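Worksheet for the structure shown next.
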Amino acid sequence: MVTVFSTKRLRSLGFAHKDIVKALQCCLQRVRRGQFVLNRPCDQQAHAVLQDVHSASSTSYPRTYGDIRDTAEDLKSLIRSYADDRLPDAAFSHVSAALLHGLDPPFPAVDKCEMIRTGTRRSSDTLHIRDRHLPPNDVGSIGGLPVTTLLRTLVDIAREYDPEFSVPLLSDALRRRLVTKAALRTALPPVHRGCRTAALAISLADANHESAAESITAVKFYRFGITGMIPQVETCDAAGNLLGRNDFRHEKYGLIVECHGVGKYFMGRNSPDEASKKNHERHMKLLNAGFRIFNLVWADLFRPHEFIKIKAELDTLAKSELTQRSE
């Protein structure tokens, strides 16, 4: 977590209003009204006490990536700002709980801290408290903070968020063997709002999805009526030579879908140029072997064009097969 100071705490450390204003131009960042996060180290003597508190707390500075992950980092600071500013019996939940459990949201879906407290419903610019039944065995503790268990967190997200958001989190947890599908289905309360959506998300989640992009692609396959796409398949040519491992390949037809997220080029061991070169070489081998390949970038996952084309290609292949059989 990060180090957050309230205005009251800053004043107790000797900071007057003008000192806080100056610190905001240096190493402090406003999280919400009356709450500030220490966002970087500095060597100003006036701020040494802040750095000392930070060092003693064994917390980290907020990370900066320059992409959509920064939104999750901002949310982590917001969550921390409510650590000592909660109603009794309130527990961090939903996306806030997912972050505390170490899961990475696939994209920004909420900019509020989320909690559950039985009998309380509240919403502001920075906080959303849901009135939900919360038995004691659905609550744990992370870093001294009350938080819904991972199983309850995933089920809550699956019930109240679209599958495009929940399936990547579910798949990640399945891949890391943190939960099982059986446990998720058992934890899903019957005849409650959002249960059908959650059941769909659980059915689409797959431990074989190796990225959020692949999980979102699986959701889009469902939405566009595309069936038979198997994740993470090793593909060989007619002679049995391995051509590569593909994100998705149709179980019957020679159609392949590859998902090219930022991580494929910028978060691996190879340089972006090297990764791009290897991908191109594999692509050409697959084409020469007679496979039809669709390459999806992140933006394609939120547009219909490519999935309409994939569906049309599969329909054409199926019709062609029927024609050949009838001849």
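Counting residues in the range 41-60 that are of a type in the set (Val, Ile, Thr), within 18 Å of residue 83 (Cα to Cα) and open to solvent by 30 Å² or more (accessible area, probe 1.4 Å) gives one or more. Taken residue by residue, the range 156-166 has at least one member that is touching a His at 6+ places or on another chain (Cβ under 8 Å), hydrophobic (A, V, I, L, M, F, W, C) and under 19 Å from residue 190 (Cα atoms).
Residues in the range 188-199 include at least one that is modelled with pLDDT of 95 or more and among the aliphatic types (A, V, I, L, M).
Among residues of the range 1-40 being of a type in the set (S, T, N, Q) and more than 24 Å from residue 64 (Cα to Cα), the one that is surrounded by the fewest Cβ atoms within 10 Å (Cβ to Cβ) is 12.
The rows are residues; the columns are (1) more than 25 Å from the chain's Cα centre (by Cα); (2) of a type in the set (Asp, Glu).
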| site | (1), (2) |
| --- | --- |
| 4 | no, no |
| 18 | yes, no |
| 35 | yes, no |
| 43 | yes, yes |
| 85 | yes, yes |
| 92 | no, no |
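Selection of the range 127-156 for residues being of a type in the set (Asp, Glu) and assigned to a loop (DSSP other than H, G, I, E, B) yields only 131. For residue 150, are the conditions met, namely being more than 19 Å from residue 201 (Cβ to Cβ), at pLDDT 95 or above and open to solvent by less than 50 Å² (accessible area, probe 1.4 Å)? So residue 150 fails the test.
May I ask you to verify whether residue 110 is surrounded by 15 or more Cβ atoms within 10 Å (Cβ to Cβ), in contact (Cβ under 8 Å) with a residue 40 or more places away in the chain and among the β-branched types (Val, Ile, Thr)?
Taking the combined requirement at face value, the residue does not satisfy it.
Listed by first and then second residue, the pairs linking a residue in the range 281-305 that is within 20 Å of residue 109 (Cα to Cα) to a residue that is surrounded by 17 or more Cβ atoms within 10 Å (Cβ to Cβ) and of a type in the set (Asp, Glu), with Cβ atoms under 6 Å apart and 6 or more places separating them unless they lie on different chains, are 300/306. Remark: pairs (first residue in the range 26-37, within 13 Å of residue 2 (Cβ to Cβ); second residue small (Gly, Ala, Ser) and open to solvent by 20 Å² or more (accessible area, probe 1.4 Å); Cβ separation under 8 Å; 6+ apart in sequence or on different chains) = 35/6; 36/6.
Checking each residue in the range 284-308 for being within 18 Å of residue 213 (Cα to Cα) and assigned to a helix (DSSP H, G or I) picks out 298, 299, 300, 301, 302, 305, 306, 307, 308.
Just name the residue that is surrounded by the most Cβ atoms within 10 Å (Cβ to Cβ) out of those in the range 61-83 that are in contact (Cβ under 8 Å) with a residue 24 or more places away in the chain and of a type in the set (Phe, Trp, Tyr). Result: 82. Residues that are touching a residue at least 12 places away in the same chain (Cβ under 8 Å), out of contact with any strand residue (DSSP E or B) (no Cβ under 6 Å at 6 or more places or on another chain) and among the hydroxyl-bearing types (Ser, Thr, Tyr) were ranked within the range 204-243; the one that is farthest from residue 164 (Cα to Cα) is 211.
When you scan the range 218-227, do you find a residue that is modelled with pLDDT under 95 and open to solvent by 50 Å² or more (accessible area, probe 1.4 Å), even just one? Looking for residues that are modelled with pLDDT under 95 and open to solvent by 50 Å² or more (accessible area, probe 1.4 Å), one finds none in the range 218-227, hence no.
The values are calculated or read from the model by the stated rules, or taken from the named source; none is laboratory data. As the structure is a computational prediction, the values presented were derived from the model and not from experiment. Cβ atoms come from the backbone with ideal geometry, glycine included; neighbour counts cover every protein chain shown. Calculation scope for accessible area: heavy atoms of the full protein, side chains included, ligands and nucleic acids excluded. Shrake-Rupley method; radii C 1.70, N 1.55, O 1.52, S 1.80 Å.
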